[in-house]
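The values are calculated or read from the model by the stated rules, or taken from the named source; none is laboratory data. Quick caveat, the model's predicted, so the values are computed rather than measured. Ideal geometry is used to build each Cβ from the backbone, glycine not excepted, and the neighbour counts take in all protein chains shown. Keep in mind that these areas ignore ligands, DNA and RNA; they rest on the heavy atoms of the full protein, side chains included. Shrake-Rupley method; radii C 1.70, N 1.55, O 1.52, S 1.80 Å.
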Amino acid sequence: AGGVVQHVFTHFALEMQVLVWSGKECCDPICDNGEWWPVSQLDDAGLPTLFGKAARLVIAHKEGEIR
């Protein structure tokens with residue numbers, strides 16, 4: 001499941017395919033890197049607009065607004 005996020009920068013447009021994995025564990029060692037935020041606090045995470053759009057898409061998917 002997932003969706004597409006579209007975003008226009010000053011000189012180009014970007015379309016990002018967002019995939020949602022609903023498993024319980026991350027099997028990729030790269031998952032140990034990065035910064036993780038609770039969904040309820042994403043507005044406070046200071047995400048760039050593009051990644052905020054992707055996060056909202058995933059949240060809508062998890063809340064059943066998108067199937």
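Restricting the first residue to the stretch 41-61 and requiring it to be under 10 Å from GLY3 (Cβ atoms), which pairs with a second residue that is modelled with pLDDT of 85 or more and part of a helix (DSSP H, G or I) meet a Cβ separation below 9 Å and a spacing of at least six or different chains?
none
Would you pick out the residues in the stretch 37-50 that are part of a loop (DSSP other than H, G, I, E, B) and under 12 Å from the mean Cα position of the chain (by Cα)? So that I can check it myself, show each step before the final result.
Pass one, the stretch 37-50, residues part of a loop (DSSP other than H, G, I, E, B): 37-38, 45-48.
Of everything in the stretch 37-50, those that are part of a loop (DSSP other than H, G, I, E, B) and under 12 Å from the mean Cα position of the chain (by Cα) turn out to be TRP37, LEU47, PRO48.
Kindly indicate the residue of the stretch 48-67 that is open to solvent by 80 Å² or more (accessible area, probe 1.4 Å) and among the basic types (Lys, Arg) and also modelled with the lowest pLDDT among those meeting that condition.
My answer is ARG67.
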